[in-house]
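Step one of this worksheet: look at the structure below.
The values are calculated or read from the model by the stated rules, or taken from the named source; none is laboratory data. A quick note: this is a predicted structure, and the numbers were derived from the prediction, not measured. Using ideal geometry, Cβ is built from the backbone for each residue, glycine included, and neighbour counts are taken over all protein chains shown. Remember, those area values only see protein heavy atoms, side chains included, never the ligands or the DNA or RNA. Shrake-Rupley method; radii C 1.70, N 1.55, O 1.52, S 1.80 Å.
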Amino acid sequence: MPIDATLPYDDDNIFAKILRGEIPSNTVYEDDFAFAFEDINPQAEVHALVIPKGRYVSWDDFSAKASDAEIGGFVRAVGEVARAKGLVEPGYRLLANIGAHGGQEVPHLHVHIFGGQPLGPMILNR
Ligand code: AMP
(Lines give C-alpha, C1' and ligand atoms only; values in the text may rest on other atoms or scores of the structure.)
Protein backbone atom coordinates (compact mmCIF):
# COMPACT_ATOMS: atom_id res chain seq x y z
CA MET A 1 0.00 0.00 0.00
CA PRO A 2 1.34 3.45 -0.85
CA ILE A 3 2.01 5.61 2.16
CA ASP A 4 0.71 9.02 3.16
CA ALA A 5 3.87 11.13 2.85
CA THR A 6 2.44 13.81 5.14
CA LEU A 7 2.52 11.54 8.20
CA PRO A 8 5.30 11.89 10.80
CA TYR A 9 8.44 9.78 10.44
CA ASP A 10 8.03 6.17 11.60
CA ASP A 11 11.18 4.78 13.23
CA ASP A 12 9.92 1.23 12.61
CA ASN A 13 10.03 1.53 8.80
CA ILE A 14 12.16 -1.05 7.02
CA PHE A 15 14.81 1.40 5.82
CA ALA A 16 15.24 2.76 9.36
CA LYS A 17 15.90 -0.84 10.42
CA ILE A 18 18.43 -1.25 7.62
CA LEU A 19 20.19 1.97 8.71
CA ARG A 20 20.37 0.69 12.29
CA GLY A 21 21.75 -2.65 11.05
CA GLU A 22 18.74 -4.55 12.41
CA ILE A 23 18.03 -6.17 9.06
CA PRO A 24 20.57 -6.97 6.38
CA SER A 25 21.11 -5.25 3.06
CA ASN A 26 23.63 -5.47 0.25
CA THR A 27 25.49 -2.24 0.90
CA VAL A 28 26.69 -0.28 -2.11
CA TYR A 29 27.91 2.95 -0.51
CA GLU A 30 27.96 4.77 2.81
CA ASP A 31 29.12 8.15 4.06
CA ASP A 32 28.11 10.62 6.78
CA PHE A 33 24.91 11.65 5.01
CA ALA A 34 23.77 8.70 2.94
CA PHE A 35 23.51 4.95 2.68
CA ALA A 36 23.00 2.96 -0.53
CA PHE A 37 22.04 -0.65 -1.05
CA GLU A 38 20.73 -3.00 -3.72
CA ASP A 39 16.95 -3.09 -4.18
CA ILE A 40 15.61 -6.45 -2.99
CA ASN A 41 13.31 -6.71 -6.02
CA PRO A 42 15.33 -5.23 -8.89
CA GLN A 43 13.39 -3.64 -11.76
CA ALA A 44 16.47 -3.26 -14.00
CA GLU A 45 19.94 -4.81 -14.43
CA VAL A 46 21.16 -2.20 -11.96
CA HIS A 47 18.72 -1.08 -9.27
CA ALA A 48 20.14 0.59 -6.18
CA LEU A 49 18.46 2.71 -3.52
CA VAL A 50 20.10 5.73 -1.91
CA ILE A 51 18.68 7.00 1.38
CA PRO A 52 19.63 9.90 3.64
CA LYS A 53 20.77 8.96 7.13
CA GLY A 54 18.37 11.51 8.62
CA ARG A 55 14.76 10.82 9.53
CA TYR A 56 12.90 12.09 6.44
CA VAL A 57 9.67 10.56 5.13
CA SER A 58 9.92 11.75 1.55
CA TRP A 59 11.53 14.16 -0.89
CA ASP A 60 8.98 16.70 0.28
CA ASP A 61 9.96 16.36 3.94
CA PHE A 62 13.67 16.33 3.08
CA SER A 63 13.61 19.35 0.78
CA ALA A 64 11.65 21.34 3.36
CA LYS A 65 13.50 20.37 6.54
CA ALA A 66 16.98 18.97 5.85
CA SER A 67 20.07 21.14 6.31
CA ASP A 68 22.06 22.33 3.32
CA ALA A 69 24.82 19.92 4.37
CA GLU A 70 22.41 16.98 4.43
CA ILE A 71 20.95 17.91 1.04
CA GLY A 72 24.34 18.46 -0.52
CA GLY A 73 25.72 15.27 0.96
CA PHE A 74 22.77 13.24 -0.24
CA VAL A 75 22.83 14.60 -3.78
CA ARG A 76 26.57 13.94 -4.01
CA ALA A 77 26.07 10.40 -2.70
CA VAL A 78 23.54 9.63 -5.45
CA GLY A 79 26.11 10.76 -8.01
CA GLU A 80 28.86 8.71 -6.32
CA VAL A 81 26.79 5.54 -6.53
CA ALA A 82 25.94 6.09 -10.18
CA ARG A 83 29.61 6.71 -11.05
CA ALA A 84 30.77 3.71 -8.99
CA LYS A 85 28.36 1.51 -10.91
CA GLY A 86 29.68 2.78 -14.27
CA LEU A 87 26.34 4.27 -15.26
CA VAL A 88 27.35 7.73 -16.45
CA GLU A 89 28.50 6.92 -19.98
CA PRO A 90 25.63 4.54 -20.85
CA GLY A 91 23.14 6.63 -18.92
CA TYR A 92 20.73 5.90 -16.13
CA ARG A 93 17.53 7.01 -14.44
CA LEU A 94 16.75 8.45 -11.01
CA LEU A 95 13.32 8.11 -9.44
CA ALA A 96 11.86 9.22 -6.14
CA ASN A 97 8.27 8.22 -5.42
CA ILE A 98 6.35 10.52 -3.09
CA GLY A 99 3.09 9.58 -1.42
CA ALA A 100 0.03 7.87 -2.83
CA HIS A 101 0.09 9.09 -6.44
CA GLY A 102 3.83 8.44 -6.57
CA GLY A 103 3.32 4.89 -5.30
CA GLN A 104 5.73 5.33 -2.40
CA GLU A 105 5.77 2.16 -0.29
CA VAL A 106 8.51 2.81 2.25
CA PRO A 107 8.19 5.97 4.39
CA HIS A 108 11.90 6.90 4.41
CA LEU A 109 13.11 9.01 1.47
CA HIS A 110 14.83 6.89 -1.15
CA VAL A 111 16.10 7.62 -4.63
CA HIS A 112 16.03 4.69 -7.02
CA ILE A 113 18.98 4.40 -9.42
CA PHE A 114 18.13 2.30 -12.48
CA GLY A 115 20.61 1.39 -15.20
CA GLY A 116 22.58 -1.28 -16.99
CA GLN A 117 20.09 -1.46 -19.88
CA PRO A 118 17.90 0.84 -22.00
CA LEU A 119 15.11 1.85 -19.66
CA GLY A 120 12.28 2.52 -22.08
CA PRO A 121 9.63 5.20 -21.75
CA MET A 122 9.54 7.26 -18.60
CA ILE A 123 5.94 6.42 -17.74
CA LEU A 124 4.03 3.51 -19.26
CA ASN A 125 0.45 3.71 -20.51
CA ARG A 126 0.42 7.36 -21.48
P1 AMP B 1 8.94 2.77 -3.35
O2 AMP B 1 7.76 2.16 -4.03
O3 AMP B 1 9.54 3.90 -4.13
O4 AMP B 1 8.66 3.12 -1.91
O5 AMP B 1 10.07 1.66 -3.38
C6 AMP B 1 10.38 0.82 -2.32
C7 AMP B 1 11.47 -0.10 -2.80
O8 AMP B 1 12.06 -0.69 -1.68
C9 AMP B 1 10.97 -1.23 -3.72
O10 AMP B 1 11.67 -1.15 -4.96
C11 AMP B 1 11.33 -2.48 -2.93
O12 AMP B 1 11.74 -3.55 -3.75
C13 AMP B 1 12.46 -2.00 -2.03
N14 AMP B 1 12.64 -2.74 -0.79
C15 AMP B 1 11.70 -3.06 0.12
N16 AMP B 1 12.26 -3.72 1.16
C17 AMP B 1 13.58 -3.81 0.89
C18 AMP B 1 14.70 -4.38 1.57
N19 AMP B 1 14.57 -5.00 2.74
N20 AMP B 1 15.92 -4.28 0.99
C21 AMP B 1 16.06 -3.67 -0.20
N22 AMP B 1 15.05 -3.11 -0.88
C23 AMP B 1 13.83 -3.18 -0.36
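Table for the structure above
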item	result
Amide H within-cut-off set for V28, under 5 Å, with H built and near neighbours excluded	A36, F37, E38
Rounded to the nearest 10 Å², the accessible area of L124 at probe 1.4 Å	120
Descending Cα extents along the principal axes, the chain, whole Å	37, 35, 29
Percentage of interatomic Cα-Cα distances in the range 1-72 larger than 15 Å	59
Assigned charges on the beta-carbon of Lys, Arg, Asp, Glu; the chain dipole about Cα centre (debye)	300
Fully extended contour minus Cα-Cα distance, from R20 to R93, at 0.36 nm per residue	23.5 nm
Kirkwood-Stokes translational diffusion coefficient of the range 43-105, alpha-carbon pairs, 37 °C, 0.692 mPa s, µm²/s	252
Solvent-accessible area per residue, Å², over the range 1-95 with all protein chains present [probe radius 1.4 Å]	60
Cα-only radius of gyration and Dmax that characterise the range 78-126, units Å	12.4, 33
Spatially proximal lysines relative to K17 (Cα-Cα < 24 Å; intrachain offsets below 8 disregarded)	K53, K65
Percent carbon-and-sulfur accessible area, the chain, ignoring ligands, DNA and RNA, probe 1.4 Å	53
